[in-house]
There are 2 protein chains.
Amino acid sequence: MSAKQPTIKEIAKRLNISISTVSRALHDHPSIGLRTKTRVKELASELMYEPNQAAIFFQQRKTFTIGVILPFLSEAFFSAAISGIEDVAGKNQYTVLLGQSRDDAEREKQIIDTMKKHRVDGLLISISKHTTSYEHFEMLKRSGIPLVFFDCIPNMPDIHYVACNMVSGTVQATSFLLKNGHRVIGLINGPEKLYASKQRKEGYQIAMSKHRLKYDPSLIVNSDLTKESNCEATRQLLLHKRKVTAIVTFNDYVALDAMQYAHDQNIDLNKDLCFVSYANLPLAQHLKYAPMASVEQHPYLQGQKAAEMLVELLGKKEDEKETPGSYKIIVDSQLMVYNI
Amino acid sequence: MSAKQPTIKEIAKRLNISISTVSRALHDHPSIGLRTKTRVKELASELMYEPNQAAIFFQQRKTFTIGVILPFLSEAFFSAAISGIEDVAGKNQYTVLLGQSRDDAEREKQIIDTMKKHRVDGLLISISKHTTSYEHFEMLKRSGIPLVFFDCIPNMPDIHYVACNMVSGTVQATSFLLKNGHRVIGLINGPEKLYASKQRKEGYQIAMSKHRLKYDPSLIVNSDLTKESNCEATRQLLLHKRKVTAIVTFNDYVALDAMQYAHDQNIDLNKDLCFVSYANLPLAQHLKYAPMASVEQHPYLQGQKAAEMLVELLGKKEDEKETPGSYKIIVDSQLMVYNI
DNA sequence: CCGGTAAACACAAACGTTTGCACAAAAAAT
DNA sequence: ATTTTTTGTGCAAACGTTTGTGTTTACCGG
């Protein structure tokens with residue numbers, strides 16, 4: 001059946017010309033006569049010749065492959081982000097190698113190894129929330145593999161990244177509640193050490209001071225984002241000495257747990273207790289209890305930007321001169337208010 | 001900085017031995033003395049030598065890469081499936097190249113081309129719902145690239161695939177409603193030509209005849225799965241001359257639209273009108289109106305099985321002898337009843 | 001008619017690895 | 001002491017391309 005793939009050599013032999021001539025003919029090299037060019041091209045398409053990319057990758061020391069490592073594709077944010085990545089990758093002749101870390105630092109490291117083995121040209125990473133050591137990232141940098149972080153970025157100097165401005169998003173979210181008359185607003189934040197958590201906290205504080213309200217640290221509770229932890233955090237806020245009338249949650253999933261918990265405590269949602277969160281889940285309209293508003297983080301856009309950045313880095317790699325600076329892009333977040 | 005990757009040649013030179021010896025030493029070839037073996041290995045790890053996979057891929061005519069093409073990662077089903085795929089791929093030293101067809105036949109074809117260019121060893125495909133021509137699949141087969149379909153499979157002879165038995169799932173779903181006293185049950189099905197639709201229809205009929213009820217074709221309506229179409233289908237069923245008290249829907253997303261529409265018509269859900277569907281969305285518990293039950297299709301398992309099948313095919317490829325038969329695996333579906 | 005130039009092509013090296021085969025030295029068998 | 005076997009290495013080809021540097025032929029102006 002499948003007569004093994006014809007090679008450039010085969011074509012050369014049949015046409016009684018040299019391999020190099022065939023190669024150049026196929027690439028429209030100027031130093032090849034029109035006659036031979038057409039002869040070569042005709043035979044090539046007749047034999048259904050396709051260049052052996054493996055050989056080319058090898059020869060050019062480039063695989064035209066970019067690795068993408070992220071925690072979970074099941075999170076809407078990431079599946080949207082990877083679509084953005086895929087699109088710009090495809091436009092630039094790159095293809096994407098996928099790896100899910102499942103929020104496991106060990107797995108993440110392992111995936112990085114595999115990707116390195118596979119000689120990806122560059123890497124796009126949203127780090128797992130349990131990644132504490134950045135050794136493997138440094139290692140990659142040392143091997144000269146360009147790295148662009150997105151969404152969840154490590155606390156390292158001189159890295160390229162695109163992230164979302166969660167500060168402004170949180171200011172918007174909190175201000176929205178303040179404008180609606182709420183004065184005692186809780187914040188269920190993520191793990192304390194997470195950069196994303198810091199930003200939310202900062203945004204919360206800014207919004208408060210903007211409205212000349214004094215910042216009450218006890219209104220912020222941290223959750224490790226498990227269902228239990230989310231409920232516990234909600235419980236704490238509900239038990240707060242001041243009557244909390246609104247809560248900003250780390251993301252929509254946290255909001256769901258919190259709202260369910262509150263509902264189970266016979267609290268009238270979106271009346272006695274309002275929620276605002278992050279992510280803008282696509283199913284929001286179908287949810288039993290949806291938050292009043294959610295901060296859109298434009299995952300597709302972030303994916304696009306990150307991929308574009310990487311492609312650019314890969315391009316300039318040829319110039320050999322590494323510009324010492326690092327690229328940073330901050331995508332603005334945006335509060336989406338639901339009218340239910 | 002990054003002194004360019006050390007090669008096997010470099011090691012050979014430093015140790016004053018031949019390249020082949022180094023290669024064999026690193027592979028624990030029996031014909032290499034213990035002394036040299038350790039010497040080689042020590043220097044290798046000292047230089048942080050890593051084999052150039054690109055060269056190896058080229059040399060072995062194998063990339064240890066499998067391509068995965070599916071419609072949308074944003075659908076929970078597929079993100080679960082790809083996790084299964086990734087897991088078994090990783091266990092077998094394969095890595096996965098991703099492509100989303102977005103239910104666009106043209107895109108699908110293009111992705112296949114790219115993957116072929118990248119010389120993937122094999123392909124895992126869930127075809128787009130708009131794919132009508134199977135020419136590109138045939139072409140792949142002719143080039144000797146093993147192909148395994150999963151979930152959404154084309155109507156072609158001699159293909160390898162793993163799919164879910166939607167017939168039995170539908171029998172279960174319909175029987176569940178019948179047992180709960182419903183007698184006039186509607187079915188909002190997908191596009192008529194889809195294999196998945198045929199199976200659901202068949203299951204519906206079987207359940208009916210099992211319960212000695214006569215099959216009423218007008219109780220089955222087709223939808224193209226857009227929101228409008230879903231609502232229109234619901235409308236038709238609600239206007240049916242017989243009073244429909246339960247509806248089986250093509251999947252959870254259809255159910256959501258249908259339930260919303262019904263609710264807007266002031267119908268008391270899960271009382272005057274019950275729903276059962278497919279997919280078992282993870283967010284089901286948080287939904288405003290969830291179906292009473294949903295058929296679980298075990299996407300992770302399907303992904304696993306499909307990947308395992310492909311890996312096996314890739315393994316036996318070496319024996320060159322193509323066994324003419326084709327592999328088929330049918331995963332059983334299972335009705336999950338929610339207790340709300 | 002000669003030197004020069006341009007056009008069209010061929011040669012060969014290189015990319016890094018694996019692997020069949022040949023070969024030497026040492027060990028074992030005769 | 002000679003032959004055979006074992007053990008350890010080296011040589012070189014092969015995988016399919018690209019590309020720098022020759023080499024040939026033909027044409028041109030002078």
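Table: residues versus (1) out of contact with any Asp or Glu (no Cβ under 7 Å at 6 or more places or on another chain); (2) over 19 Å from B:THR65 (Cα atoms); (3) more than 8 Å from DNA strand D (Cβ to nearest atom); (4) at pLDDT 90 or above.
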| site | (1), (2), (3), (4) |
| --- | --- |
| A:SER23 | yes, yes, no, yes |
| A:LEU26 | yes, yes, no, yes |
| A:GLY33 | yes, yes, yes, no |
| A:GLU42 | yes, yes, yes, yes |
| A:TYR49 | yes, yes, no, yes |
| A:ASN52 | yes, no, no, yes |
| A:ARG61 | yes, no, yes, yes |
| A:VAL68 | yes, no, yes, yes |
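Determine, yes or no, whether A:PRO291 is in contact with a helix residue (DSSP H, G or I) (Cβ under 7 Å, 6 or more places away or on another chain), within 12 Å of chain B (Cβ to nearest Cβ), at pLDDT below 95 and under 18 Å from A:VAL184 (Cβ atoms). So A:PRO291 fits the description; yes.
Scanning the range A:58-76 for residues that are free of Cβ contacts under 8 Å to residues at least 40 places away in the same chain and within 16 Å of DNA strand C (Cβ to nearest atom) turns up A:PHE58, A:GLN59, A:GLN60, A:ARG61. Does at least one position in the range B:158-166 carry a residue that is away from every other protein chain (no Cβ under 14 Å) and aromatic (Phe, Trp, Tyr)? Yes, the range B:158-166 contains a residue that is away from every other protein chain (no Cβ under 14 Å) and aromatic (Phe, Trp, Tyr). Just checking, does the range A:323-330 include any residue being crowded, with 19+ Cβ neighbours inside 10 Å and of a type in the set (Phe, Trp, Tyr)? Looking through the range A:323-330, none of the residues is crowded, with 19+ Cβ neighbours inside 10 Å and of a type in the set (Phe, Trp, Tyr).
All of (1) charged (D, E, K, R); (2) within 16 Å of DNA strand C (Cβ to nearest atom); (3) under 18 Å from B:VAL96 (Cα atoms) hold for A:GLU108 with one exception: (2).
Within the range A:194-212, which residues are assigned to a helix (DSSP H, G or I) and surrounded by 17 or more Cβ atoms within 10 Å (Cβ to Cβ)? If the condition is that a residue be assigned to a helix (DSSP H, G or I) and surrounded by 17 or more Cβ atoms within 10 Å (Cβ to Cβ), then A:ALA196, A:SER197, A:GLN199, A:ARG200, A:LYS201, A:GLY203, A:TYR204, A:GLN205, A:ILE206, A:ALA207, A:MET208 are the ones that fit. Would a scan of the range A:7-15 turn up a residue that is small (Gly, Ala, Ser) and near DNA strand D (Cβ under 8 Å from one of its atoms)? Looking through the range A:7-15, none of the residues is small (Gly, Ala, Ser) and near DNA strand D (Cβ under 8 Å from one of its atoms).
Would you pick out the residues in the range B:231-266 that are of a type in the set (Val, Ile, Thr), surrounded by 24 or more Cβ atoms within 10 Å (Cβ to Cβ) and within 18 Å of B:HIS182 (Cβ to Cβ)? Working first, answer last.
From the range B:231-266, those of a type in the set (Val, Ile, Thr) are B:234, B:244-245, B:247-249, B:254; that's our starting set.
Subsequent filtering for residues that are surrounded by 24 or more Cβ atoms within 10 Å (Cβ to Cβ) retains B:234, B:247-249, B:254.
The answer is B:THR234, B:ILE247, B:VAL248, B:THR249.
Restrict the check to the range B:134-147 and report whether at least one residue is away from DNA strand C (no atom under 15 Å from the Cβ), closer than 22 Å to A:SER83 by Cα and either within 8 Å of chain A (Cβ to nearest Cβ) or in a strand (DSSP E or B) (or both). Give the derivation first.
Here is the first cut: in the range B:134-147, the residues away from DNA strand C (no atom under 15 Å from the Cβ) are B:134-147.
Keeping just the survivors that are closer than 22 Å to A:SER83 by Cα gives none.
No, the range B:134-147 contains no residue that is away from DNA strand C (no atom under 15 Å from the Cβ), closer than 22 Å to A:SER83 by Cα and either within 8 Å of chain A (Cβ to nearest Cβ) or in a strand (DSSP E or B) (or both).
Only one of the listed residues (B:GLU322, B:GLU228, B:GLU308) is on the phi < 0 side of the Ramachandran plot and at pLDDT below 95. That residue is B:GLU322.
Table: residues versus (1) within 30 Å of A:ASP252 (Cβ to Cβ); (2) assigned by TED's automatic domain parsing to the domain that holds A:LYS109; (3) touching a helix residue (DSSP H, G or I) at 6+ places or on another chain (Cβ under 8 Å); (4) in contact (Cβ under 8 Å) with a residue 40 or more places away in the chain.
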| position | (1), (2), (3), (4) |
| --- | --- |
| A:LEU15 | no, no, yes, no |
| A:THR21 | no, no, yes, no |
| A:ASP28 | no, no, yes, no |
| A:GLY33 | no, no, no, no |
| A:THR38 | no, no, no, no |
| A:LYS41 | no, no, yes, no |
| A:PHE78 | yes, yes, yes, yes |
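Scanning the range B:5-44 for residues that are within 7 Å of DNA strand C (Cβ to nearest atom) and either closer than 26 Å to A:LYS141 by Cα or surrounded by 16 or more Cβ atoms within 10 Å (Cβ to Cβ) (or both) gives B:GLN5, B:THR7, B:ILE8, B:LYS9, B:SER23, B:ARG24, B:LEU26.
How about the range B:162-180: which of its residues are more than 14 Å from B:ASP332 (Cα to Cα) and either in contact (Cβ under 8 Å) with a residue 24 or more places away in the chain or surrounded by 20 or more Cβ atoms within 10 Å (Cβ to Cβ) (or both)?
B:THR174, B:SER175, B:PHE176, B:LEU177, B:LEU178, B:ASN180
Within the range B:111-136, which residues are touching a strand residue (DSSP E or B) at 6+ places or on another chain (Cβ under 9 Å) and not β-branched (Val, Ile, Thr)? Reasoning before the result, please.
Filtering the range B:111-136 for residues touching a strand residue (DSSP E or B) at 6+ places or on another chain (Cβ under 9 Å) gives B:111-112, B:114-128.
If the condition is that a residue be touching a strand residue (DSSP E or B) at 6+ places or on another chain (Cβ under 9 Å) and not β-branched (Val, Ile, Thr), then B:MET115, B:LYS116, B:LYS117, B:HIS118, B:ARG119, B:ASP121, B:GLY122, B:LEU123, B:LEU124, B:SER126, B:SER128 are the ones that fit.
Please tell me if A:GLN53 is more than 10 Å from DNA strand C (Cβ to nearest atom) and within 31 Å of the chain's Cα centre (by Cα). Judged against the criteria, A:GLN53 is a match.
The values are calculated or read from the model by the stated rules, or taken from the named source; none is laboratory data. Owing to the predicted nature of the structure, the values given are computational and were not obtained by experimental measurement. Counting neighbours? That spans all protein chains shown, and the Cβs are built from the backbone with ideal geometry, glycine included.
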